[in-house]
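The values are calculated or read from the model by the stated rules, or taken from the named source; none is laboratory data. Bear in mind that the values here come from a model prediction, so they are computed numbers and not experimental data. When we count neighbours, we look across all protein chains shown, and the Cβ atoms used for this are built from the backbone with ideal geometry, even at glycine. Accessible surface areas use protein heavy atoms only, side chains included; no ligands, DNA or RNA. Shrake-Rupley method; radii C 1.70, N 1.55, O 1.52, S 1.80 Å.
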Amino acid sequence: MASSCRRPEHTAPPDVFYNEEEAKKYSQNSRMIEIQTQMSERAVELLNLPEGHPSFLLDVGCGSGLSGDYLSEEGHYWVGVDISTAMLDVALDREVEGDLLVGDMGQGMPFRPGTFDGCISISALQWLCNADKRTHSPPKRLYTFFSTLYSSLSRGARAVFQLYPENSEQLELITTQAMRAGFSGGMVVDYPNSSKAKKFFLCLFAGASGVLPKGLGTETSDRAVSNQVQFSGQRCRFKNMKGKSAKKGRDWIFEKKERRRRQGREVRADTKYTGRQRRPHF
C-alpha cells in the first residue's frame, strides 16, 4: 500500500504545502478537477441521503471548493473547512456557493450539536496521521476531530472520507479513533484488485449503526459485510485501465443498477445492449 513517491504530507504541513502557487495549480488542473468530482460523487452516494431533499452538509478539507461544486449541483447546502487560506482564497475567487471557514481538523469542529445532515472529505484525512509540530499527537488529534464531528452530526447521519492511507497501520489508527469517538462503520474499498483504480472510503455512522455499503468492483455476495478492509492479490478485469476511471463503463453501470435494486428503486432490466459502447457517427 505504501507509495514509492514522496507524499504531500511528508513534504510540509498542509497550510504550507498548499500555498498560493500550489492552490492555483491544483484548481486549474483539468485531470485533478475530474478526479475530485468523481470522488465527490461517490462520497455523496455513500452518504445515502434522501432523494429529492436538499441536505446541509459539511465538507472537511474543502480546499478550493471543487467537491463543494458537486454538492451545489446536487442541490445541497454546505459549509467548507480548510486549514489553507490560499486554497480558500481560490474558492472565494471562484465564487463557490458554500460558506467557508479556516480551521485545523486536529483542533476539532466548532459547530453546534446536530448541525449537519452528513459530512464528506476528499483526500484530507491522512494529513492528521502526521505530527507537524512537537505538540502534535496523531491519535489525540484524530480523536479530537472525530469526537467533535460526531457531536456536530444529526443522529443517523453518515460521514464519508476518501483518503490515501500510507499503510495498514494508518488505517487501523484512523478507524480505531473513529470508533472510540462513538462512530460505527468501516472501510469501503472500490476496485480492490486494481492497483490504479483502487479507492478507500471510510464510511461512518453517527448514532445508529447501519450496513456497510459494498465497494465497487467487488463480487456480489450474500454473506454479511465485514467492517474490516479485505485485500486480495488476484488480478482482475481492471488491470488494463492505465489510470483511467472505471466510471461509466459496462461494469460500473451494472454495479450502479444493482445498488439501486437493493435500495428498492425501479431499474430497467439488463439487456445485451446495457453499457454498450456506440460507434461514432459523422
Starting from residues that are small (Gly, Ala, Ser) and touching a residue at least 40 places away in the same chain (Cβ under 8 Å), keep the ones in the stretch 23-32 and report whichever is most open to solvent (accessible area, probe 1.4 Å). Ser27
Kindly indicate whether Thr148 is of a type outside the set (D, E, K, R), open to solvent by 10 Å² or more (accessible area, probe 1.4 Å) and either farther than 17 Å from Phe200 by Cα or part of a strand (DSSP E or B) (or both). yes
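Return the residues of the stretch 159-200 that are of a type in the set (Phe, Trp, Tyr) and farther than 27 Å from Trp252 by Cβ; say none if nothing qualifies. Give the derivation first.
Filtering the stretch 159-200 for residues of a type in the set (Phe, Trp, Tyr) gives 161, 164, 183, 191, 200.
Result: Phe183, single match.
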How about the stretch 53-75: which of its residues are farther than 18 Å from Cys203 by Cβ and surrounded by 23 or more Cβ atoms within 10 Å (Cβ to Cβ)? Cys62, Gly63, Ser64, Gly65, Leu66, Gly68
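If you check Lys198 against the conditions, is it more than 26 Å from Thr85 (Cβ to Cβ), without any contact (Cβ under 8 Å) to a residue 12 or more places away in the chain and of a type in the set (Lys, Arg)?
Numbers: more than 26 Å from Thr85 (Cβ to Cβ): yes; without any contact (Cβ under 8 Å) to a residue 12 or more places away in the chain: yes; of a type in the set (Lys, Arg): yes.
For Lys198, the condition - more than 26 Å from Thr85 (Cβ to Cβ), without any contact (Cβ under 8 Å) to a residue 12 or more places away in the chain and of a type in the set (Lys, Arg) - is met.
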If we keep just the residues of the stretch 33-52 that are buried (at least 18 other Cβ atoms within 10 Å of the Cβ) and of a type in the set (Gly, Ala, Ser), which is nearest to Leu212 (Cα to Cα)? Ala43
What residue, among those in the stretch 151-182 that are over 21 Å from Ser40 (Cβ atoms) and assigned to a loop (DSSP other than H, G, I, E, B), is least open to solvent (accessible area, probe 1.4 Å)? Ala181
In the stretch 68-80, is there at least one residue being assigned to a loop (DSSP other than H, G, I, E, B) and under 17 Å from the mean Cα position of the chain (by Cα)? yes
Selection from the stretch 99-145 of residues open to solvent by less than 60 Å² (accessible area, probe 1.4 Å), at pLDDT 90 or above, part of a helix (DSSP H, G or I) and within 19 Å of Gly63 (Cβ to Cβ) yields Met105, Gly106, Leu125, Phe145
For residues that are within 17 Å of Leu149 (Cα to Cα) and either out of contact with any helix residue (DSSP H, G or I) (no Cβ under 9 Å at 6 or more places or on another chain) or open to solvent by 20 Å² or more (accessible area, probe 1.4 Å) (or both), tally how many sit in the stretch 183-216. 5
By residue number, the members of the stretch 77-98 that are closer than 17 Å to Leu153 by Cα and either open to solvent by less than 20 Å² (accessible area, probe 1.4 Å) or out of contact with any Pro (no Cβ under 7 Å at 6 or more places or on another chain) (or both) are Trp78, Val79, Gly80, Val81
Do any residues in the stretch 75-98 that are more than 19 Å from Met109 (Cα to Cα) and small (Gly, Ala, Ser) have Cβ atoms under 9 Å from those of residues that are part of a strand (DSSP E or B) and open to solvent by less than 10 Å² (accessible area, probe 1.4 Å), where the two are at least six apart or on different chains, and which pairs are they? Ala91/Gly80
Glu95 fails exactly one of the following numbered conditions: (1) out of contact with any helix residue (DSSP H, G or I) (no Cβ under 9 Å at 6 or more places or on another chain); (2) assigned to a helix (DSSP H, G or I). What is the number of that condition? (2)
